Amino acid sequence: CVTSPPYWSLRDYGLAPSVWGGDPLCEHVFQEFKKTAESSTSVHWQHTEGGWHGRNRFSNAGVTAESEMVFAEVKSGWCQCCGAWLGCLGLEPDPAMFVEHIVEIFREVRRVLRADGVAVLNIGDSYAGGSGHNLDGKWAVAHGKPVDGARPKPSGGLKPKDKYLMPHRVAIALQQDGWIVRADVPCLKLAAIPESVRDRPTTAHEYIFVLAKSSKYYW
(Lines give C-alpha, C1' and ligand atoms only; values in the text may rest on other atoms or scores of the structure.)
Protein backbone atom coordinates (compact mmCIF):
# COMPACT_ATOMS: atom_id res chain seq x y z
CA CYS A 1 0.00 0.00 0.00
CA VAL A 2 1.47 3.35 -1.07
CA THR A 3 -0.39 6.52 -0.16
CA SER A 4 -0.02 10.24 0.44
CA PRO A 5 -3.09 11.49 2.33
CA PRO A 6 -3.99 15.18 2.62
CA TYR A 7 -1.59 16.93 4.97
CA TRP A 8 -3.17 18.57 7.97
CA SER A 9 -4.32 22.20 7.71
CA LEU A 10 -2.77 22.92 4.33
CA ARG A 11 -5.33 22.61 1.55
CA ASP A 12 -9.02 22.08 0.84
CA TYR A 13 -9.35 19.65 -2.07
CA GLY A 14 -13.07 20.29 -2.42
CA LEU A 15 -14.04 16.71 -1.59
CA ALA A 16 -17.36 15.67 -0.07
CA PRO A 17 -17.18 15.53 3.76
CA SER A 18 -17.31 12.29 5.76
CA VAL A 19 -18.68 11.52 9.22
CA TRP A 20 -16.02 10.61 11.79
CA GLY A 21 -16.76 9.00 15.15
CA GLY A 22 -20.03 9.30 17.05
CA ASP A 23 -22.95 6.89 16.87
CA PRO A 24 -23.36 5.27 13.43
CA LEU A 25 -27.12 4.96 14.06
CA CYS A 26 -27.55 8.65 14.90
CA GLU A 27 -29.48 10.79 12.39
CA HIS A 28 -26.99 13.62 13.11
CA VAL A 29 -27.84 17.25 13.74
CA PHE A 30 -24.74 19.25 12.87
CA GLN A 31 -24.33 22.67 14.44
CA GLU A 32 -23.19 25.33 12.04
CA PHE A 33 -20.04 27.27 12.90
CA LYS A 34 -21.49 30.76 12.59
CA LYS A 35 -23.72 31.97 15.42
CA THR A 36 -25.04 35.40 16.41
CA ALA A 37 -26.02 36.76 19.82
CA GLU A 38 -29.69 36.73 18.81
CA SER A 39 -30.01 33.36 17.13
CA SER A 40 -28.25 30.13 16.28
CA THR A 41 -28.73 27.69 13.47
CA SER A 42 -28.57 23.92 13.43
CA VAL A 43 -29.33 21.62 10.55
CA HIS A 44 -30.78 18.11 10.45
CA TRP A 45 -28.53 16.58 7.81
CA GLN A 46 -29.19 13.46 5.81
CA HIS A 47 -26.94 11.88 3.22
CA THR A 48 -28.20 11.58 -0.35
CA GLU A 49 -26.49 10.78 -3.62
CA GLY A 50 -25.64 14.44 -4.07
CA GLY A 51 -24.05 14.83 -0.64
CA TRP A 52 -25.22 15.98 2.78
CA HIS A 53 -28.42 18.02 2.71
CA GLY A 54 -30.79 19.15 5.40
CA ARG A 55 -33.54 21.23 6.93
CA ASN A 56 -32.62 24.45 8.71
CA ARG A 57 -33.81 24.95 12.28
CA PHE A 58 -33.60 28.43 13.75
CA SER A 59 -33.65 29.10 17.50
CA ASN A 60 -34.41 32.59 18.76
CA ALA A 61 -35.08 33.61 22.38
CA GLY A 62 -35.84 30.04 23.35
CA VAL A 63 -38.39 29.53 20.57
CA THR A 64 -37.49 26.96 17.92
CA ALA A 65 -39.09 27.09 14.48
CA GLU A 66 -38.39 24.94 11.46
CA SER A 67 -38.15 26.65 8.09
CA GLU A 68 -39.08 25.24 4.72
CA MET A 69 -36.85 22.49 3.43
CA VAL A 70 -33.62 24.14 2.37
CA PHE A 71 -31.14 21.97 0.51
CA ALA A 72 -27.52 23.03 0.78
CA GLU A 73 -24.24 21.28 1.19
CA VAL A 74 -22.57 21.35 4.58
CA LYS A 75 -18.77 21.47 4.80
CA SER A 76 -18.00 20.81 8.44
CA GLY A 77 -19.56 20.65 11.88
CA TRP A 78 -20.20 18.72 15.08
CA CYS A 79 -23.28 16.54 15.68
CA GLN A 80 -25.20 17.95 18.64
CA CYS A 81 -26.56 14.50 19.47
CA CYS A 82 -23.61 12.09 19.39
CA GLY A 83 -20.53 14.29 18.98
CA ALA A 84 -19.61 12.99 15.50
CA TRP A 85 -17.56 15.31 13.32
CA LEU A 86 -18.46 15.99 9.70
CA GLY A 87 -15.58 17.11 7.52
CA CYS A 88 -12.71 16.17 5.23
CA LEU A 89 -9.48 14.46 6.20
CA GLY A 90 -6.82 17.13 6.69
CA LEU A 91 -9.29 19.87 7.68
CA GLU A 92 -9.77 18.78 11.29
CA PRO A 93 -9.94 21.61 13.85
CA ASP A 94 -6.94 20.28 15.79
CA PRO A 95 -3.89 18.09 15.03
CA ALA A 96 -4.78 15.36 17.53
CA MET A 97 -8.02 14.62 15.66
CA PHE A 98 -6.12 14.38 12.36
CA VAL A 99 -3.75 11.83 13.91
CA GLU A 100 -6.72 9.82 15.21
CA HIS A 101 -8.28 9.75 11.74
CA ILE A 102 -5.04 8.60 10.08
CA VAL A 103 -4.78 5.80 12.67
CA GLU A 104 -8.40 4.84 12.01
CA ILE A 105 -7.77 4.64 8.27
CA PHE A 106 -4.58 2.62 8.69
CA ARG A 107 -6.38 0.10 10.91
CA GLU A 108 -8.41 -0.75 7.84
CA VAL A 109 -5.24 -0.82 5.74
CA ARG A 110 -3.70 -3.30 8.17
CA ARG A 111 -6.89 -5.37 8.16
CA VAL A 112 -6.80 -5.96 4.39
CA LEU A 113 -3.02 -6.01 3.92
CA ARG A 114 -1.30 -9.36 3.43
CA ALA A 115 0.73 -10.58 6.38
CA ASP A 116 3.94 -10.06 4.36
CA GLY A 117 2.87 -6.67 3.00
CA VAL A 118 4.14 -3.18 3.77
CA ALA A 119 2.53 0.25 3.80
CA VAL A 120 4.40 3.31 2.53
CA LEU A 121 3.13 6.64 3.89
CA ASN A 122 4.20 10.03 2.52
CA ILE A 123 3.29 12.96 4.76
CA GLY A 124 4.38 16.58 5.15
CA ASP A 125 4.37 19.14 7.95
CA SER A 126 3.15 22.64 8.77
CA TYR A 127 3.68 25.44 11.27
CA ALA A 128 1.46 26.77 14.04
CA GLY A 129 -0.08 30.19 13.93
CA GLY A 130 2.12 31.91 11.36
CA SER A 131 1.05 35.11 9.67
CA GLY A 132 1.09 33.42 6.27
CA HIS A 133 -0.86 30.34 5.27
CA ASN A 134 -1.24 27.78 2.51
CA LEU A 135 -4.98 27.29 2.98
CA ASP A 136 -7.53 27.83 0.28
CA GLY A 137 -10.13 30.48 0.95
CA LYS A 138 -12.75 27.70 0.81
CA TRP A 139 -11.31 26.15 3.97
CA ALA A 140 -11.46 29.45 5.83
CA VAL A 141 -15.04 30.14 4.75
CA ALA A 142 -16.17 26.60 5.62
CA HIS A 143 -14.65 26.93 9.08
CA GLY A 144 -15.92 30.44 9.75
CA LYS A 145 -12.41 31.92 9.68
CA PRO A 146 -10.98 34.87 7.77
CA VAL A 147 -8.90 33.94 4.76
CA ASP A 148 -5.93 35.90 6.18
CA GLY A 149 -4.11 33.78 8.76
CA ALA A 150 -6.67 31.01 8.46
CA ARG A 151 -4.63 28.35 10.23
CA PRO A 152 -6.11 27.04 13.49
CA LYS A 153 -4.69 28.58 16.64
CA PRO A 154 -1.93 26.58 18.38
CA SER A 155 -3.09 24.19 21.10
CA GLY A 156 -1.73 21.37 23.20
CA GLY A 157 1.36 23.25 24.35
CA LEU A 158 2.27 24.52 20.89
CA LYS A 159 3.32 28.14 20.44
CA PRO A 160 3.09 30.40 17.41
CA LYS A 161 5.80 29.44 14.89
CA ASP A 162 6.12 25.93 16.39
CA LYS A 163 6.49 23.16 13.84
CA TYR A 164 3.73 20.62 14.34
CA LEU A 165 6.06 17.66 13.66
CA MET A 166 2.96 16.00 12.24
CA PRO A 167 4.78 13.21 10.35
CA HIS A 168 6.38 12.03 13.57
CA ARG A 169 3.15 12.38 15.58
CA VAL A 170 1.44 10.19 13.00
CA ALA A 171 4.30 7.64 12.91
CA ILE A 172 4.39 7.30 16.71
CA ALA A 173 0.61 6.90 16.87
CA LEU A 174 0.72 4.19 14.16
CA GLN A 175 3.56 2.50 16.03
CA GLN A 176 1.50 2.48 19.23
CA ASP A 177 -1.46 1.10 17.29
CA GLY A 178 0.47 -2.00 16.18
CA TRP A 179 2.43 -1.05 13.08
CA ILE A 180 6.18 -1.70 12.89
CA VAL A 181 7.87 1.51 11.75
CA ARG A 182 10.76 0.17 9.66
CA ALA A 183 12.10 3.39 8.14
CA ASP A 184 11.63 7.14 8.03
CA VAL A 185 12.98 8.31 4.71
CA PRO A 186 13.47 12.05 4.08
CA CYS A 187 12.10 12.97 0.65
CA LEU A 188 14.21 15.91 -0.53
CA LYS A 189 12.80 18.49 -2.96
CA LEU A 190 15.72 19.51 -5.13
CA ALA A 191 13.74 22.34 -6.74
CA ALA A 192 11.85 23.57 -3.66
CA ILE A 193 10.23 27.00 -3.91
CA PRO A 194 11.86 29.46 -1.47
CA GLU A 195 9.56 30.49 1.38
CA SER A 196 8.91 34.08 2.39
CA VAL A 197 10.34 33.72 5.89
CA ARG A 198 13.49 35.31 7.30
CA ASP A 199 14.01 33.45 10.54
CA ARG A 200 14.31 29.78 9.50
CA PRO A 201 15.47 27.63 6.57
CA THR A 202 13.09 26.87 3.73
CA THR A 203 11.34 23.55 4.23
CA ALA A 204 12.51 21.39 1.34
CA HIS A 205 11.65 17.88 2.51
CA GLU A 206 8.82 15.58 3.52
CA TYR A 207 8.88 12.14 5.11
CA ILE A 208 8.15 8.68 3.77
CA PHE A 209 7.46 6.06 6.44
CA VAL A 210 7.75 2.34 5.70
CA LEU A 211 5.32 0.42 7.91
CA ALA A 212 5.24 -3.36 8.32
CA LYS A 213 2.37 -5.49 9.51
CA SER A 214 4.64 -8.28 10.79
CA SER A 215 8.37 -8.73 11.45
CA LYS A 216 8.84 -10.85 8.32
CA TYR A 217 7.61 -9.21 5.12
CA TYR A 218 8.29 -9.00 1.39
CA TRP A 219 10.92 -6.43 0.42
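State whether the residues of region 103-120 include one that is closer than 30 Å to Ser196 by Cα and either of a type outside the set (A, V, I, L, M) or modelled with pLDDT of 95 or more (or both).
Initial filter on region 103-120 (closer than 30 Å to Ser196 by Cα): none.
No.
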- Message: Looking at region 106-122 only, could you name the residues that are open to solvent by 60 Å² or more (accessible area, probe 1.4 Å) and either of a type in the set (A, V, I, L, M, F, W, C) or assigned to a loop (DSSP other than H, G, I, E, B) (or both)?
- Response: Val112, Arg114, Ala115
- Query: Restricting attention to region 76-95, does a residue exist that is open to solvent by less than 50 Å² (accessible area, probe 1.4 Å), at pLDDT 80 or above and assigned to a helix (DSSP H, G or I)?
  - Reply: yes
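Do the conditions hold for Ile193, that is, is it touching a Cys at 6+ places or on another chain (Cβ under 6 Å) and either in a loop (DSSP other than H, G, I, E, B) or open to solvent by 40 Å² or more (accessible area, probe 1.4 Å) (or both)? Quick ask: steps written out before the conclusion?
On the way: touching a Cys at 6+ places or on another chain (Cβ under 6 Å): no; either in a loop (DSSP other than H, G, I, E, B) or open to solvent by 40 Å² or more (accessible area, probe 1.4 Å) (or both): yes.
When the stated conditions are applied, Ile193 does not pass them.
The values are calculated or read from the model by the stated rules, or taken from the named source; none is laboratory data. Keep in mind the model is a prediction, meaning the values are calculated, not measured. We place every Cβ from the backbone using ideal geometry, glycine too, and count neighbours over all the protein chains shown. Side chains are part of the model used for accessible areas, which takes the heavy atoms of the whole protein and leaves out ligands, DNA and RNA. Shrake-Rupley method; radii C 1.70, N 1.55, O 1.52, S 1.80 Å.
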